[in-house]
Amino acid sequence: MKEHLVLIPGIDGTGKLFYRQIPGLEQRFTVTAIRLRDEATTMDDLVAQVHDEVTRVAADGGRVSILGESFGGALTLSYAVAHPERIERLVILNSFAHFGSPARLWLGYHLLRATPWGMMRIIRQLNAHRMHSPQTEHYEIKRFHELMRASTRAGYLSRMRMLRDYDIRGQLASIVSPVLFLAADRDTLIPSVEQARLMSERTPAATMRILEGHGHSCLIAPDLDLAAIVDDWISRS
C-alpha cells in the first residue's frame, strides 16, 4: 500500500500550484493537497486543520509524509512539533523557521490591504521575473496567474498576520523524523538557502539540497521534479 503524502501550499493557500508535481509524486504516494482555511486566525487553527486531514487520510492512526512550500513549510514544521507521532518524513521547500524582516512583513501587509484586489494579477505579472525560475515557460506563468484567482485577500492577510509571531527555531531539535530542506538559490522573496542551512543545522535528522537556478515559485518550473528528488533522498537515507 502506498504511503500517504499531504501537500501544504504557500501563502496563497489554494494547493493548486502543485499540479505539475502531483503526477510524479503519485508513483510512490497517495497524494492529498490541502486548501488552507481563509477564516483561520492563528497558526494553531491551521495546525488543527492539517491534523483533521491527516486523521482523515490515515484513519488507522498511522504516519504520513508532509511536503510544505513556503508558508506551508512553516505550517508543516509547526504541525510536526505538535504531532510528532503522525510524521513519517517531511519535505520543506523554500521556507523558514522565522520571518526575519518584520518591517518588510508589515509593509507587505499594509500594501496588500490598500491595493484593490483586482490589481493583484497585474502585480504578479510585473513581479514574475523575480518570483519564478528563469526557465519557466510563458504558458506556465499564464496558468499560474489563472490559478491564483482562487486565492483571497482575507486568506493572504490572515496568514501574513500569523507570521508576525512565528518563530520555531527553538523547537526544531524536537523534530526527530527525517526532514529534507530544499532551497532555491535564486529566491528573492525569502533567504531560502540561509534559512535552510539554519534549519538543517538545528534539526537532528535533516538533509539539505540547494535547487540551483530556481526562484521562489519553482513548483511549475519544467526542470523541477520533486518526485525524483524525494525518491533519491529516501533511497540514500
I'd like to know if region 202-215 contains one or more residues that are of a type in the set (A, V, I, L, M), in a loop (DSSP other than H, G, I, E, B), without any contact (Cβ under 8 Å) to a residue 40 or more places away in the chain and more than 24 Å from G15 (Cβ to Cβ).
yes
Scanning region 78-92 for residues that are more than 10 Å from the chain's Cα centre (by Cα), aliphatic (A, V, I, L, M) and either crowded, with 23+ Cβ neighbours inside 10 Å or assigned to a loop (DSSP other than H, G, I, E, B) (or both) gives A80, L90
Give the residues of region 37-91 that are closer than 24 Å to S192 by Cβ and of a type in the set (V, I, T), sorted by residue number.
V47, V50, I66, T76, V81, I87, V91
Answer yes if at least one residue in region 93-106 is within 19 Å of I234 (Cβ to Cβ) and either part of a strand (DSSP E or B) or of a type outside the set (A, V, I, L, M) (or both), and no otherwise.
yes
Listed residues L46, L25, L7; which is hydrophobic (A, V, I, L, M, F, W, C), under 18 Å from I175 (Cβ atoms) and either at pLDDT 95 or above or open to solvent by 50 Å² or more (accessible area, probe 1.4 Å) (or both)?
L46
Which one of Y139, Y109 is at negative phi, hydroxyl-bearing (S, T, Y), part of a helix (DSSP H, G or I) and open to solvent by 30 Å² or more (accessible area, probe 1.4 Å)?
Y139
Which listed residue, of I87, I123, is of a type outside the set (D, E, K, R) and modelled with pLDDT of 95 or more:
I87
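The values are calculated or read from the model by the stated rules, or taken from the named source; none is laboratory data. If you're wondering where the values come from, they're calculated on a predicted model, not measured in any experiment. Glycine also receives a Cβ, built like all others from the backbone with ideal geometry; neighbour counts cover every protein chain displayed. In case anyone asks, the SASA skips ligands and DNA or RNA and just uses the protein heavy atoms, side chains included. Shrake-Rupley method; radii C 1.70, N 1.55, O 1.52, S 1.80 Å.
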